[in-house]
Amino acid sequence: MLSIDPKEIPTAKLHGYLLGAVAPRPIAFASTIDAEGNPNLSPYSFFNVFSANPPIMIFSPARRVRNNTTKHTLENALATKEVVINVVNHAIVQQMSLSSTEYAAGVNEFEKAGLTMLPSEKVKPFRVAESPAQFECKVKEVVSLGNEGGAGNLIICEVVKLHINEDVLNDRGTIDHYKIDLVARAGGSFYSRARDGFFEIPKPISTLGIGVDQIPEDIRTSTVLTGNDLGILGNVEKLPTEAEIQEFKQTTEITISDILETNHKAAQAFLAKGDVQTAWKILLAK
């Protein structure tokens with residue numbers, strides 16, 4: 001056995017052991033607003049449900065290990081005392097990952113991730129329309145667990161309204177776990193699709209991804225590309241240059257069609273293989 005005293009290793013290394021061993025963890029896709037009403041959306045895997053009467057959920061935005069700063073979600077929860085917790089299924093996992101990029105305060109991660117803001121009924125933060133289950137919550141208490149990098153902040157939330165997409169219900173009116181197709185978080189770049197097992201998503205680039213909102217409209221509104229495809233496309237620092245696209249057109253053996261849908265299907269195949277740059281060049285070589 002590898003035996004470790006937590007006080008004798010760096011916090012970042014301890015963090016890795018904890019996340020790798022205590023997994024998979026459900027994901028709280030937390031929607032908040034700041035004091036000025038600006039939306040914020042970010043995922044957290046230190047999360048679970050802890051009571052049914054009253055209905056209580058707790059998630060924890062930890063202080064950043066690298067510089068001991070706090071997350072916008074925590075700041076907003078303290079300021080407004082409201083949050084919407086959305087669950088994450090496989091259909092939106094890439095968009096969820098893109099939203100974890102550390103955009104500046106005031107940037108709308110709904111737009112960056114290409115997700116739809118759905119008005120809530122009892123709280124001000126928006127719901128994620130694409131999420132199969134959404135929980136409107138009032139923040140009862142925030143418990144700080146420390147002041148150093150890596151310290152958690154327990155946001156204790158009481159559910160005041162929940163919304164469940166009827167498409168994920170079975171004929172008894174309960175949730176069908178195959179239909180809801182939930183995704184959980186593990187360590188590093190690993191996730192777990194509840195019905196299929198582990199898979200990987202590369203972490204968002206250290207620089208800011210352009211976001212789905214910066215994708216050209218004919219691509220963003222594609223009838224072929226999925227939300228997950230758009231999430232991958234939005235996680236690039238910049239688009240290929242015109243010179244790079246022209247060189248690609250002159251040298252590639254890939255057939256570039258006059259039909260958008262055909263090109264979108266070809267690009268989608270390269271996205272499935274993890275070749276994002278080739279996918280972008282196909283999409284822009286028109």
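The values are calculated or read from the model by the stated rules, or taken from the named source; none is laboratory data. Computed from a prediction, not measured in an experiment: that's the story for all the values here. For neighbour counting, all protein chains shown are included, and Cβ atoms are generated from backbone atoms with ideal geometry for every residue, glycine included. These area figures cover heavy atoms from the full protein model, side chains too; ligands, DNA and RNA do not enter into them. Shrake-Rupley method; radii C 1.70, N 1.55, O 1.52, S 1.80 Å.
Quick look at the numbers
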{"read-out": "In region 73-110, residue nearest to Cys157 (Cα to Cα) [restricted to those that are at pLDDT below 95 and not β-branched (Val, Ile, Thr)]", "value": "Ser100"}
{"read-out": "Any hit, region 217-235, residues being over 29 Å from Val88 (Cβ atoms) and crowded, with 16+ Cβ neighbours inside 10 Å", "value": "no"}
{"read-out": "Residue list for region 263-279, restricted to those being closer than 15 Å to Thr221 by Cα and open to solvent by less than 50 Å² (accessible area, probe 1.4 Å)", "value": "Asn263, His264, Ala267"}
{"read-out": "Identity of the residue in region 174-193, in a loop (DSSP other than H, G, I, E, B) and touching a residue at least 40 places away in the same chain (Cβ under 8 Å), that ends up surrounded by the fewest Cβ atoms within 10 Å (Cβ to Cβ)", "value": "Gly188"}
{"read-out": "Any chance Glu244 is in a helix (DSSP H, G or I), of a type outside the set (Ser, Thr, Tyr) and either touching a strand residue (DSSP E or B) at 6+ places or on another chain (Cβ under 6 Å) or closer than 26 Å to Ser97 by Cβ (or both)", "value": "yes"}
{"read-out": "Filtered residues of region 1-32 (kept if outside any loop (DSSP other than H, G, I, E, B) and more than 21 Å from the chain's Cα centre (by Cα))", "value": "Pro6, Lys7, Glu8, Thr11, Ala12, Lys13, Leu14, Tyr17, Ala21"}
{"read-out": "Residues of region 194-215 that turn out to be in contact with a Leu (Cβ under 8 Å, 6 or more places away or on another chain) and either open to solvent by less than 50 Å² (accessible area, probe 1.4 Å) or among the hydroxyl-bearing types (Ser, Thr, Tyr) (or both), as a count", "value": "6"}
{"read-out": "Residue under evaluation Thr251, criteria (1) surrounded by 15 or more Cβ atoms within 10 Å (Cβ to Cβ); (2) over 23 Å from Pro43 (Cα atoms), criterion not met", "value": "(1)"}
{"read-out": "Some residue of region 108-129 being of a type outside the set (A, V, I, L, M, F, W, C), open to solvent by 60 Å² or more (accessible area, probe 1.4 Å), assigned to a helix (DSSP H, G or I) and in contact with a strand residue (DSSP E or B) (Cβ under 9 Å, 6 or more places away or on another chain)", "value": "yes"}
{"read-out": "Check on Asp181, in contact with a helix residue (DSSP H, G or I) (Cβ under 6 Å, 6 or more places away or on another chain) and at positive phi", "value": "yes"}
{"read-out": "In region 61-96, residue farthest from the chain's Cα centre (by Cα) [restricted to those that are small (Gly, Ala, Ser) and open to solvent by 10 Å² or more (accessible area, probe 1.4 Å)]", "value": "Ala79"}
{"read-out": "Subset of region 132-173 that is small (Gly, Ala, Ser) and assigned to a strand (DSSP E or B) - its residue that is least open to solvent (accessible area, probe 1.4 Å)", "value": "Ala133"}
{"read-out": "Asn48 open to solvent by 60 Å² or more (accessible area, probe 1.4 Å), farther than 22 Å from Gly106 by Cα and within 19 Å of the chain's Cα centre (by Cα)", "value": "yes"}
